[in-house]
1. What do you get for the angle between helix 14-27 and the principal long axis of the chain? Use alpha-carbon atoms, 0 to 90 degrees, nearest ten.
2. Based on alpha-carbon centroids, what's the gap between segment 1-31 and segment 49-79 in Å, whole number please?
3. Quick one: pull the percentage of alpha-carbon pairs in the chain with a separation above 17 Å.
4. Counting other C-beta atoms within 10 Å, which of Val67, Val62 has the fewest, and how do the rest follow?
5. Once both labels are modelled 7 Å past Cα along the beta-carbon direction, what's the Ile33-Phe53 spacing in nm?
6. Compute the angle between helix 69-78 and the longest alpha-carbon principal axis of the chain, please, reported from 0 to 90 degrees and rounded to the nearest 10.
7. At 7 Å along Cα-to-Cβ for each site, give me the label-to-label distance between Arg19 and Lys4 in nm.
8. Once the Cα atoms of helix 47-62 and of the chain are each reduced to a long axis, what angle between those two axes, in degrees from 0 to 90 to the nearest 10, is obtained?
Amino acid sequence: MTYKAIIELVGLSHDTIWRLVKKYKQEGISALIQDRRGGRRAAYLTYEEETEFLKEQLESSVSGEIVTINEIHEAYQIK
C-alpha cells in the first residue's frame, strides 16, 4: 500500500505515517500499541470549570457587553 493510500485511509499527515512506518520497521507492531491516551495534560482548569468560565464570558457578550481579550485574560487569571 502506498503512503498516499494510507494517508487517505486513516487521515493522518505524511510525516506521521512516515514516523509510524519507521517505528514499525525498527521495533515491530508492539511499538505502535500505546497504553497512554491523549487528553488534557496541561489544563489549568478542569473541564467543568472551563465550561462554566466560557459560559460566563459568552453570557456577558450576548447581553451586550463588549468583552475584550484582555478582560477575558484577567478573569481567567483570577480563576
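1. Taking Cα atoms only, the helix is inclined about 50 degrees.
2. When both Cα centres are located, 42 Å separates them.
3. Roughly 67 percent, rounded to a whole number.
4. Starting with the residue having the fewest Cβ neighbours, the order is Val62, Val67.
5. If labels sit at Ile33 and Phe53, their model points lie 3.9 nm apart.
6. 90 degrees
7. It is 2.4 nm.
8. Taking the Cα atoms of the chain, the angle to 47-62 is about 50 degrees.
Read the figures in this text as sums done on the coordinates, not as results from a lab. Keep in mind that this is a model prediction, so the values were computed, not measured. A quick note on method: Cβ atoms are made from the backbone with ideal geometry, for glycine too, and the neighbour counts reach across all protein chains shown.
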